[in-house]
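Asker: This structure is in structure tokens; I'll ask about it shortly.
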Amino acid sequence: MATLTLSAVKKQFGATQVLHGIDLDVADGEMIVVVGASGCGKSTLLRIVAGLETPSSGAVLIDGRDVTRLEPADRDIAMVFQNYALYPHMSVFDNMAYGLRIRGMPTAEIRRRVGEAAEMLEISQLLDRKPRQLSGGQRQRVAMGRAVVREPKLFLFDEPLSNLDAKLRVQMRAEIRRLQKRLGVTSLFVTHDQVEAMTLGDRLVVMHQGRAAQVASPMEVWGTPADTYVAGFIGSPAMNFLAASISDAGRSASLKAGPTLPFADGARAGADGSTITIGIRPEHVEHRPDGADALPLAVELVEPLGSETVIHGRLPGGESLVARLPIAAGHIGETLPVRLPPEAWHVFSAEGVRLPARAAVPA
Amino acid sequence: MRKKVIFNGVALPYLLLLPQLVITAVFFFWPAGQAIYGSFLREDAFGLSRDFVGLENFADILSDPNYLGAVWNTVIFSSAVAFSALGVAIFLAVQADKAIRGSGAYKTLLIWPYAVAPAVAAVLWLFLFHPQIGLLGRFLNGIGIPWDYKVNGNQAMLLVIIAAAWKQVSYNFIFFLAGLQSIPRSVLEAAAIDGARPTRRFWTVIFPLLAPTSFFLLVVNIVYAFFDTFGTIHALTQGGPGQATTTLIYKVYVDGVQNLNFGASAAQSVVLMAIVIALTAVQFRFIERKVHY
């Protein structure tokens, strides 16, 4: 158990800058999920922490000790790989015991630890098998077991669930979370799946083009995304972005789609007429059968999901809007009255950075 | 998915197989049959008559000290060739696999010797190790190590081993490199994170995973050393000095072609045939069962 600190970690491959200086402080026992689209540098970041890559500059500290130039073997970490990376020629027992044997642990102690871990992961009956005789979920458990027996300072997970089918993924996700809480080992979990990120992480690092776009708890990331990238990445279906401009001395936004509505949480800095982007999540779009404050949404696609309906449509200005309504409503070609409540707005500058309210509006 | 082709009738499939069957029959079954038949016969000194002598030829060669000497030479020669060719190849493959810059060039260069004909390869080594005109031969003599493979039997054996192994390294290299590249990088990374240093990683992960490849190559190399090294030996030492580098295959040639003792030569061929059949059988059975991952 340990803390992890990254300071200004940069990485270049040839002329390509993959990481532009990542800073991160992970508390003891915390589970951090690094999430981002493929190619954002999240795996490189994990591999730098593991010691499989060397950063071009910056430092990695585990428990306050600078490990930037140390071999993976000297970092006291364990990693679970996407393809599990089990040793194909060894039994499950030997796979789990490999790291302990290298440390010269007595055989009795190895047996005890592997036995306990196998018990915990419910793979005791598989100890004599070879990896090729196991199902995907079982291999996943063995890979977890191999990490657990080492009792390392740090767990690193490199998209460990992405090779599993949907049902197993949900199950293993819950198990990893339970295990990590129970063992209290500081963990770094890399994924491209926002649901995994939201459900697993104490905090998220949302990566975008080699930068940490936002580091915050899942609900903060969801509730106050730092920029349009984070806002669009977290949440499904993705947030709607509507063009608008500041008006009424910063107190209102004129939507390209038509109405000018006052900000619910206070005025914004910026001259009247300057461009902004209003973000609104599909689940916050309201259906207004009575037509009050409503915009006409021309329905183009209806996705009924049982408990709710996802409607893709177009607003008067031609912008597309996705609405997630808690009712069975709409059919293609119909015009649906919808309201975009200002309380649910996310306001971003022209550059896509979150634009906070200057001051709260007196009630 | 392999598609199963359905023929109407048997004529076309047999016709398609015919060229291969003819080649096998003419170049393998016919001479093999001749050898087996010849091994039971003995010719008189002038080649005028042949008598059926049963297993006498076999009894003769097995009690001939020259033949037993050739057996011993073959054991030394083929095990030395196989192990050095495998050892050097696996070392080179590991290094070439590691190299990031110019790995393509290394690989190409390392594969080239395979394209060199055995006799040409032998001449190359001859020019290196000839005591009077060879670069290394002169050098060895120059620094006071008496080197003359035409006189010293052990040096002759060493030279044919080097020349024969050198040619086989390329072949092994290709297989080892393919084997190495089929080991997922993440498995090695997992071992590194588990605390294994490079040497330990090699012996506990890489080498076991290459074991099926190594075993296959071991058999191929032994077969190579038994049969395909005739040209190398012939060009370098002609089996000499004395009988020092006469292996079984070379003795078949000496007895049959030079001494015109067809019966003995045929019996030796039959023994060699039995050995290669046994090796192949072992290989097939082992590979079926023992591919352990």
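Computed from the coordinates by the stated procedures, all read-outs in this text should not be read as laboratory data. Fair warning: this is a prediction, and the values are worked out from it, not measured in the lab. FYI the Cβ positions are ideal-geometry reconstructions off the backbone, even for glycines, and counts take in every protein chain you see.
Asker: Dipole magnitude of the protein assembly as shown about its Cα centre, charges +1 at Lys/Arg Cβ and -1 at Asp/Glu Cβ only, in debye to the nearest 20?
Answerer: Details: 58 positive and 53 negative charges, 164 e Å.
The dipole magnitude comes to about 780 debye.
Asker: Work through the residues other than residue B:263 whose Cβ is under 15 Å from its Cβ and net out their charges, Lys, Arg +1 and Asp, Glu -1.
Answerer: -4
Asker: Shifting gears a bit: Report the relative contact order of the range A:237-349, percent, no decimals, based on alpha-carbon pairs under 8 angstrom and at least 6 residues apart.
Answerer: 29
Asker: Aspartates and glutamates near residue A:130 by alpha-carbon distance under 20 Å, same-chain residues fewer than 8 away left out - which ones?
Answerer: Residue A:130 reaches A:94, A:116, A:119, A:122, B:189, B:194, B:288.
Asker: While we're on this one: Tally Lys and Arg at +1 and Asp and Glu at -1 over the other residues with C-beta under 11 Å from the C-beta of residue A:11: what net charge comes out? Don't skip to the end; give the middle numbers.
Answerer: Details: positive: A:10, A:47; negative: A:53.
Net charge in that neighbourhood comes out at +1.
Asker: Within 10 Å, count the other beta carbons around each residue, average over each peptide in A:176-185, B:157-166, and list them highest first.
Answerer: Highest to lowest by the protection proxy: B:157-166, A:176-185.
Asker: Something else: Once you've got the Cα coordinates, tell me which of B:150/B:251; A:10/B:98; A:10/A:181; A:10/A:153; A:10/B:107 are over 28 Å apart.
Answerer: Numbers: B:150/B:251 18 Å; A:10/B:98 25 Å; A:10/A:181 31 Å; A:10/A:153 23 Å; A:10/B:107 33 Å.
From B:150/B:251; A:10/B:98; A:10/A:181; A:10/A:153; A:10/B:107, over 28 Å: A:10/A:181; A:10/B:107.
Asker: How many nm is it between the label spots at residue A:275 and residue B:11, if each spot is 7 Å from the Cα in line with the beta carbon?
Answerer: Roughly 7.8 nm, to one decimal.
Asker: Sticking with this structure for a sec: Using +1 on the beta carbon of Lys and Arg, -1 on that of Asp and Glu, and nothing else charged, what's the dipole of the range A:4-232 about the Cα centre, debye to 20? Walk me through the numbers before you get to the answer.
Answerer: Values: 29 positive and 26 negative charges, 128 e Å.
The calculated dipole for the range A:4-232 is roughly 620 debye.
Asker: Given an 8 Å cut-off on Cα distances and at least 6 residues of separation, report the relative contact order of the range A:4-232 as a percent.
Answerer: After rounding, I find 29 percent.
Asker: What is the projected area of the convex hull of the Cα atoms of the range A:237-349, averaged over all directions, in nm²? Mind showing how you got there, number by number?
Answerer: On the way: hull surface 26.1 nm².
So the Cα hull casts an average projection of 6.5 nm².
Asker: Indicate the gyration tensor shape class of the range B:6-75 (rounded, prolate or oblate), computed on the Cα atoms with a ≥ b ≥ c the square roots of the eigenvalues: a/c under 1.5 is rounded; otherwise a/b larger than b/c is prolate and the rest oblate.
Answerer: Judged from the Cα gyration tensor, the range B:6-75 comes out prolate (a/c at least 1.5, a/b above b/c).
Asker: Show which aspartates and glutamates lie in cross-link reach of residue A:256 when reach means a straight Cα distance below 18 angstrom and same-chain residues fewer than eight apart are skipped.
Answerer: Leaving aside aspartates and glutamates fewer than 8 places away in the same chain, those within reach of residue A:256 are A:248, A:272, A:293, A:319, A:351.
Asker: Along the charge dipole of the range A:237-349, Cβ charges K/R +1 and D/E -1, which of A:348, A:337, A:273 sits furthest on the positive end?
Answerer: Most positive-ward Cα: A:273.
Asker: About its Cα centre, what dipole magnitude does the range B:81-290 give when the only charges are +1 on Lys and Arg Cβ and -1 on Asp and Glu Cβ, stated in debye to the nearest 20?
Answerer: Numbers: 14 positive and 7 negative charges, 96 e Å.
Once rounded to the nearest 20, the dipole reads 460 debye.
Asker: No solvent, one uniform scatterer per C-alpha: report log10 I(q)/I(0) for the range A:72-209 via the Debye equation at q = 0.10, 0.14 1/Å, two decimals.
Answerer: -0.32, -0.62
Asker: Name the trypsin sites (Lys or Arg not before Pro) in the range B:33-123 that are in a loop by DSSP and that have at most 14 other C-beta atoms within 10 Å, would you? List each step's numbers first, then the result.
Answerer: Working: sites: B:42, B:50, B:98, B:101, B:107; in loops: B:101.
Taking the range B:33-123 and a limit of 14 other Cβ atoms within 10 Å, the loop trypsin sites (Lys or Arg not before Pro) found are B:101.
Asker: If you keep only loop residues by DSSP, which chymotrypsin sites (Phe, Trp or Tyr not before Pro) in the range B:42-84 have at most 16 other Cβ atoms within 10 Å of their Cβ?
Answerer: B:46
Asker: Give me P(r) over chain B, computed from all C-alpha to C-alpha distances, binned every 10 Å, as integer percentages.
Answerer: 6, 20, 26, 24, 16, 7, 1, 0
Asker: Just subtract the alpha-carbon distance of residue B:49 and residue B:207 from 0.36 nm times their residue separation and send over the number in nm, one decimal.
Answerer: 51.1 nm
Asker: A further question follows. Given B:80, B:39, B:235, which one lies farthest toward the positive end of the charge dipole of chain B, if we put +1 on the Cβ of every Lys and Arg and -1 on the Cβ of every Asp and Glu?
Answerer: Going by the Cα projections, it comes out as B:80.
Asker: Also, I was wondering about something else. What's the Kirkwood radius of the range A:1-115 in Å, using all Cα pairs?
Answerer: Roughly 16.0 Å, rounded to one decimal.
Asker: Please work out the ratio of the alpha-carbon Rg of chain A to 2.2 N^0.38 Å and round it to two decimals.
Answerer: 1.19
Asker: Hey, another quick one. What does the structure give for B:198-205 when I average, per residue, the other chain Cβ atoms found within 10 Å of the residue Cβ?
Answerer: Average per residue, whole number: 2.
Asker: So, one more: Answer with one residue from B:94, B:193, B:58: the one whose Cα lies farthest towards the positive end of the charge dipole of the protein assembly as shown, charges on Cβ with Lys, Arg +1 and Asp, Glu -1.
Answerer: B:58
Asker: Mind checking which helices in chain B clear 15 Å along their axis (Cα) and have mean Kyte-Doolittle hydropathy of 0.5 or more, DSSP H runs only? Display every interim value, and only then the final one.
Answerer: On the way: long enough: B:11-24 (19 Å, 1.76); B:65-98 (49 Å, 1.08); B:118-129 (16 Å, 2.36); B:153-181 (41 Å, 1.08); B:207-223 (23 Å, 2.02); B:262-290 (41 Å, 1.13).
Those that pass (Cα extent of 15 Å or more, hydropathy at least 0.5) are B:11-24, B:65-98, B:118-129, B:153-181, B:207-223, B:262-290.
Asker: Counting only other chains, what is the mean number of Cβ atoms within 10 angstrom of the Cβ of each residue in peptide B:182-191?
Answerer: Per residue, the average neighbour count from other chains is 6.
Asker: Extent of the protein assembly as shown along each principal axis, from alpha carbon coordinates, in Å, largest to smallest?
Answerer: Cα spread of the protein assembly as shown along its principal axes, largest to smallest: 126, 70, 53 Å.
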